[in-house]
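These notes are about the structure you will find just below.
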Amino acid sequence: MTKVNICGIEFKNPVIAASGTFGFGREFEEYYAIEKLGGISTKGLTLNKRDGNKGIRIYETASGLMNSIGLQNPGVSGFIKDELPFMESKDTVILANLGGSTLDDYLQGIELLNETSVHMIELNISCPNVKEGGMAFGIKCDTASQVVKEAKKISKKPMIVKLSPNAENIKDMAYACVEAGADGLSLINTFNALAIDIYKRKPIFNNITAGLSGPCIKPIALRMVYEVNQVVNVPIIGLGGIMTAEDAIEFIMAGATAIQVGSANFVNPTISIDIIEGIEKFMEKEGVKSLEEIRGIIGRF
Amino acid sequence: MAETYKDGIIYSNTEISPNIYEIILEGDFEGKPGQFYMVRGWNGLDPFLPRPISIADLENGRIKLLYEVRGKGTHIISKLKKGDKLSILGPLGNGFNIKEEGKIALITGGVGIAPMLYLAKNLFAEIDIFSGFRSNAYFLDQIRPYVKNTFIATEDGSTGHKGFVTELFDPSKYDVVYTCGPTPMMEVVMKMCKGKVPVYVSMENRMACGIGACLGCTVETTRGMERVCKEGPVFKGEEVVLHD
Ligand SMILES: Cc1cc2nc3c(=O)[nH]c(=O)nc-3n(C[C@H](O)[C@H](O)[C@H](O)COP(=O)(O)OP(=O)(O)OC[C@H]3O[C@@H](n4cnc5c(N)ncnc54)[C@H](O)[C@@H]3O)c2cc1C
Ligand SMILES: Cc1cc2nc3c(=O)[nH]c(=O)nc-3n(C[C@H](O)[C@H](O)[C@H](O)COP(=O)(O)O)c2cc1C
Ligand code: FES
């Protein structure tokens, strides 16, 4: 009933764990069988291993949080060697979230991932927490378009591009990425944001700004999914502040084929299961036979 | 399989010193000394994240937590009454190594004393405790039955030595040291012990998930960045990379 198909890949339900909030699944496997999820997006990978940022990395804000993790990860090869075998053993879709600071980083990463069992690549051009990296590609359409075009040329996997809400114009950005060959889009990543320690008279984070996520961004994320759905014809994965099945259904009605659960995992590690069950209950109660029936329904008004 | 958040029914929630509370939860809880629970004392999403709190004691499945009111989260928890619920996830983290023998020193700063009662009860060794406070000393009465000597320092001199607790401590007299408190204090302890006596430090950091997924709580160690909530909170002193 809740099955969805994205770029030819079947998901048993539309709920995917969002990159950076779920590690590689191991920690959550202690709490529930993670193969109940439609899919898992890995912690953001970079070609080489990264230690991530120094100083405070997490800061709570009203109805959300800010983070400056800085893409701490084992590198693509480390992922393939140490984490992928575990993920492969679970029957769920694996999205390899791939970041980079140069075009060449992305291309080398894709070449390595091409030879693995990951189902899809989620091209991360939207991480705000690394210098001269990630998000730099996701602000301007022409740079984004260039990376996507080159990446698509060599990728043997379906490729979805994860958009930044910090893009100059989200509709133009989405359109440019699809023109360049993106098979799908996921949106949104975190908002560039600021917090200040007024007693130390300094920014909280070493990088000054950090990424804002959680329920406080949901209405904006929802609007962006709605707008992007007006201008592209590829599947959209919607995310940003989803805490409940109702939130997830809003995203589907705004045009998303699937959704991702991010910061909510920190509030309760089994929250994705509640969301999956809640979606099923909603469908039964409302007589919805397939999610297709309600997808993008808002756009028709 | 570990359980997700579950409710603990509050048996008591008492202010044992200004701004310092002791909460006892009814239930069938588990955990080792040095482990912690993620705690939510509120419904809804404000505050958004749970708060990490150490196990102060565990007896017949009843859990005791000792906490200082610092901000919004602990303030809300301090207002809860007998019969109210506290939502908790755990036990989390690695906990202290309790197999050490010989003469052991426990060194604490402020509410860093929290995990020491349960630790002292489980160590089979001769223990001295060194505790520093800003002003009033607390919780030591409960720990005294399990230790040989108690040394107290307060910054205002109201109880015991006036000054820092590290001024009372001589590392050459001990075989093992365990410390928990503000990071600057633990750094002094690590420096004093370096090359002389092994020290276990219970590190603190801001946490989001508490289960090892967000990488928000990492500290620099000789093995690279490690998670306080998963590889820690207890690290060996020589593994922690200090910065001046
Ligand atoms: C493994 C671990 C075990 C802990 N055990 C105990 C315990 O047994 N008893 C106890 O009183 N406290 C303990 N703490 C600290 C406790 O988690 C914080 O005091 C608490 O999260 C503050 O929440 P708040 O909402 O009251 O403050 P907030 O409003 O969130 O913040 C107020 C101030 O508290 C400080 N703070 C916030 N989060 C943390 C944090 N995670 N660690 C240190 N300081 C923080 C900051 O300086 C902040 O400005 C522990 C922390 C860790 C990591
Ligand atoms: C701690 C943390 C780490 C994150 N790391 C990544 C990452 O490595 N790659 C990525 O594409 N997005 C990352 N994100 C962004 C999330 O995947 C998601 O896009 C964002 O948090 C919005 O969703 P949410 O409000 O449900 O959390 C991270 C978010 C958080 C909170
Ligand atoms: S708090 Fe999330 S990894 Fe430690």
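The values are calculated or read from the model by the stated rules, or taken from the named source; none is laboratory data. The model shown is predicted, which means the values in this text are computed figures rather than measured ones. Using ideal geometry, Cβ is built from the backbone for each residue, glycine included, and neighbour counts are taken over all protein chains shown. To get the accessible areas, we keep the full protein, side chains included, count just its heavy atoms, and leave off ligands, DNA and RNA. Shrake-Rupley method; radii C 1.70, N 1.55, O 1.52, S 1.80 Å.
Just to be sure before I move on: is B:Ile9 among the hydrophobic types (A, V, I, L, M, F, W, C), open to solvent by 30 Å² or more (accessible area, probe 1.4 Å) and in contact with a Phe, Trp or Tyr (Cβ under 8 Å, 6 or more places away or on another chain) in the structure I sent? Let's see the steps before the verdict.
Details: among the hydrophobic types (A, V, I, L, M, F, W, C): yes; open to solvent by 30 Å² or more (accessible area, probe 1.4 Å): yes; in contact with a Phe, Trp or Tyr (Cβ under 8 Å, 6 or more places away or on another chain): no.
Judged against the criteria, B:Ile9 is not a match.
Those residues that are in a loop (DSSP other than H, G, I, E, B) and more than 14 Å from every other protein chain (Cβ to nearest Cβ), I need them from segment A:261-297; list them, please.
Residues satisfying the conditions are A:Gly287, A:Val288, A:Lys289, A:Ser290, A:Ile294, A:Arg295, A:Gly296.
Go through segment B:175-190 and give me each residue that's open to solvent by less than 20 Å² (accessible area, probe 1.4 Å), outside any strand (DSSP E or B) and either farther than 27 Å from B:Ile53 by Cβ or within 16 Å of ligand 1 (Cβ to nearest atom) (or both).
Within segment B:175-190, B:Gly181, B:Met186 qualify.
Looking at segment B:216-230, which of the residues that are more than 24 Å from B:Met38 (Cα to Cα) and assigned to a loop (DSSP other than H, G, I, E, B) is nearest to ligand 2 (Cβ to nearest atom)?
Restricting to residues being more than 24 Å from B:Met38 (Cα to Cα) and assigned to a loop (DSSP other than H, G, I, E, B), the top hit is B:Arg223.
Please specify each residue of segment A:160-180 satisfying the condition of being open to solvent by 60 Å² or more (accessible area, probe 1.4 Å) and either within 16 Å of the chain's Cα centre (by Cα) or of a type in the set (Phe, Trp, Tyr) (or both).
A:Tyr175
Being within 16 Å of ligand 1 (Cβ to nearest atom) and either within 11 Å of chain A (Cβ to nearest Cβ) or open to solvent by 60 Å² or more (accessible area, probe 1.4 Å) (or both) is the filter here, so list the residues in segment B:191-206 that pass it. Talk me through it step by step, then tell me what you get.
We begin by selecting, within segment B:191-206, every residue within 16 Å of ligand 1 (Cβ to nearest atom); these are B:200-206.
Once the filter is applied, which keeps residues that are within 16 Å of ligand 1 (Cβ to nearest atom) and either within 11 Å of chain A (Cβ to nearest Cβ) or open to solvent by 60 Å² or more (accessible area, probe 1.4 Å) (or both), segment B:191-206 yields B:Glu204, B:Asn205, B:Arg206.
Looking at segment A:158-168, can you tell me whether even one residue there is among the hydrophobic types (A, V, I, L, M, F, W, C), assigned to a helix (DSSP H, G or I) and on the phi < 0 side of the Ramachandran plot?
Within segment A:158-168, not a single residue is among the hydrophobic types (A, V, I, L, M, F, W, C), assigned to a helix (DSSP H, G or I) and on the phi < 0 side of the Ramachandran plot.
Name every residue in segment A:36-51 that is open to solvent by 20 Å² or more (accessible area, probe 1.4 Å) and over 18 Å from A:Leu113 (Cβ atoms), in order of residue number.
Correct list: A:Lys36, A:Asp51.
Of all residues being closer than 29 Å to B:Ser87 by Cβ and of a type in the set (S, T, N, Q) in segment A:251-301, which is nearest to the chain's Cα centre (by Cα)? Just the residue, please.
Looking at the filtered set, the residue picked out is A:Gln260.
Confirm whether B:Gly102 is more than 15 Å from B:Val177 (Cα to Cα) and open to solvent by 10 Å² or more (accessible area, probe 1.4 Å). Show your work before the answer.
Values: more than 15 Å from B:Val177 (Cα to Cα): no; open to solvent by 10 Å² or more (accessible area, probe 1.4 Å): yes.
Spelling it out, it is not the case that B:Gly102 is more than 15 Å from B:Val177 (Cα to Cα) and open to solvent by 10 Å² or more (accessible area, probe 1.4 Å).
For segment B:110-131, enumerate the residues that are among the small types (Gly, Ala, Ser), modelled with pLDDT of 95 or more and open to solvent by 10 Å² or more (accessible area, probe 1.4 Å).
Matches in segment B:110-131: B:Gly110 only.
When only residues in segment B:220-238 that are within 15 Å of A:Lys54 (Cβ to Cβ) and more than 10 Å from ligand 3 (Cβ to nearest atom) count, which is farthest from the other protein chains (Cβ to nearest Cβ)?
The extreme case among them is B:Thr221.
Check segment B:85-102 and report whether any residue there is in a helix (DSSP H, G or I) and over 14 Å from B:Tyr200 (Cβ atoms).
No: zero hits.
Based on this model, can you work out whether B:Leu89 counts as surrounded by fewer than 23 Cβ atoms within 10 Å (Cβ to Cβ) and either farther than 30 Å from B:Ser172 by Cα or away from ligand 1 (no atom under 15 Å from the Cβ) (or both)?
Spelling it out, it is not the case that B:Leu89 is surrounded by fewer than 23 Cβ atoms within 10 Å (Cβ to Cβ) and either farther than 30 Å from B:Ser172 by Cα or away from ligand 1 (no atom under 15 Å from the Cβ) (or both).
Within segment B:19-52, count every residue that is open to solvent by 70 Å² or more (accessible area, probe 1.4 Å), more than 14 Å from every other protein chain (Cβ to nearest Cβ) and under 25 Å from A:Glu60 (Cβ atoms).
Number of matching residues: 1.
A:Leu95 versus (1) buried (at least 19 other Cβ atoms within 10 Å of the Cβ); (2) not in a strand (DSSP E or B): which is the lone unmet condition?
Every condition holds for A:Leu95 apart from (2).
Filter segment B:178-204 for residues that are of a type in the set (S, T, N, Q) and at pLDDT 95 or above; which is nearest to ligand 2 (Cβ to nearest atom)?
Residue satisfying both the conditions and the ranking: B:Ser202.
Is it the case that segment B:135-148 has a residue that's within 14 Å of another protein chain (Cβ to nearest Cβ), touching a Pro at 6+ places or on another chain (Cβ under 9 Å) and not in a strand (DSSP E or B)?
Within segment B:135-148, not a single residue is within 14 Å of another protein chain (Cβ to nearest Cβ), touching a Pro at 6+ places or on another chain (Cβ under 9 Å) and not in a strand (DSSP E or B).
Test A:Asn192 against the criterion of being assigned to a loop (DSSP other than H, G, I, E, B), open to solvent by 10 Å² or more (accessible area, probe 1.4 Å) and more than 26 Å from A:Phe282 (Cα to Cα), and give yes or no.
So A:Asn192 fails the test.
Go through (1) assigned to a helix (DSSP H, G or I); (2) surrounded by 15 or more Cβ atoms within 10 Å (Cβ to Cβ); (3) modelled with pLDDT of 95 or more for A:Lys90 and report which single condition fails.
It is condition (1) that A:Lys90 fails.
In the set A:Ala33, A:Ala18, which member is within 14 Å of ligand 2 (Cβ to nearest atom) and either modelled with pLDDT of 95 or more or open to solvent by less than 10 Å² (accessible area, probe 1.4 Å) (or both)?
Details: A:Ala33 fails: within 14 Å of ligand 2 (Cβ to nearest atom).
After ruling out the rest, the residue left standing is A:Ala18.
What about B:Leu65, is it outside any loop (DSSP other than H, G, I, E, B), more than 16 Å from ligand 3 (Cβ to nearest atom) and crowded, with 23+ Cβ neighbours inside 10 Å?
It is true that B:Leu65 is outside any loop (DSSP other than H, G, I, E, B), more than 16 Å from ligand 3 (Cβ to nearest atom) and crowded, with 23+ Cβ neighbours inside 10 Å.
A:Cys7 passes all but one of (1) within 11 Å of chain B (Cβ to nearest Cβ); (2) surrounded by fewer than 24 Cβ atoms within 10 Å (Cβ to Cβ); (3) at positive phi; which number fails?
So the condition that A:Cys7 fails would be (1).
For residues in segment B:207-224 being among the hydroxyl-bearing types (Ser, Thr, Tyr) and surrounded by fewer than 24 Cβ atoms within 10 Å (Cβ to Cβ), which is farthest from ligand 1 (Cβ to nearest atom)?
Filtering segment B:207-224 for residues among the hydroxyl-bearing types (Ser, Thr, Tyr) gives B:218, B:221-222.
Retained after the next criterion (residues that are surrounded by fewer than 24 Cβ atoms within 10 Å (Cβ to Cβ)): B:221-222.
On the way: B:Thr221: 16, B:Thr222: 20 Å.
Filtering first and then ranking leaves B:Thr222.
Does segment A:55-76 contain at least one residue that is open to solvent by 40 Å² or more (accessible area, probe 1.4 Å) and away from every other protein chain (no Cβ under 14 Å)?
no
Look through A:Asn97, A:Asn67, A:Asn53 and report the one residue that is within 15 Å of A:Leu123 (Cα to Cα) and within 14 Å of ligand 2 (Cβ to nearest atom).
Among A:Asn97, A:Asn67, A:Asn53, only A:Asn97 is within 15 Å of A:Leu123 (Cα to Cα) and within 14 Å of ligand 2 (Cβ to nearest atom).
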